[in-house]
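Working notes, structure below.
Computed from the coordinates by the stated procedures, all read-outs in this text should not be read as laboratory data. Just so you know, these numbers come straight off a predicted model, no measurement behind them. Reconstructed Cβ throughout: ideal geometry from the backbone, glycine too, with neighbour counts over all protein chains shown.
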């Protein structure tokens, strides 16, 4: 893995996020949540350092099969990972794009709150699940940032809010 390679979760990494089968530590799991196939390894490594993770955490996740190289620095696709299909509304591409942004952001919020806060975050995850669109989700961002800051500090919370901004199409 090179610093400029773009990483994504492997099937094993996606399984860990869904089921906790492999029992990753909390912070390693948080780093795994941040990996979305859009950012190069050096950026993810910097984010891990801001969360107080050991420098080799990203390498360990990669070596243990939780991550795979999606694209090399030259932009060449490397992997053909299978992904879970999601229900998508029929219609135009813009509606499908909004729906994809919404589901990805909702998933990140739900998984990060649950991973960080456990049962303490249960009531907030119910609020997240009641949302029906990006606008509803945006109304929860201040509370989300406050909860994440309590668990991860301001820098850690800022990483997750920044990732939400990316997933929501840069509209925060």
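Computed over the alpha carbons of the range 6-71, Rg followed by Dmax gives 10.5, 27 Å.
Would you mind ranking 35, 128, 141 by Cβ crowding within 10 Å, fewest neighbours first? The partial results should precede the final answer.
Values: 35 25, 128 22, 141 16.
By the 10 Å Cβ count, ascending: 141, 128, 35.
Cβ crowding within 10 Å, taken as a proxy for footprinting-reagent exposure, orders 119, 58 from fewest neighbours to most as 119, 58. Distance between the pseudo-spin-label points of residue 165 and residue 119 (7 Å out from Cα toward the beta carbon): 3.6 nm. Sorted largest first, the principal axis extents computed over the alpha-carbon atoms of the range 93-172 equal 38, 24, 18 Å.
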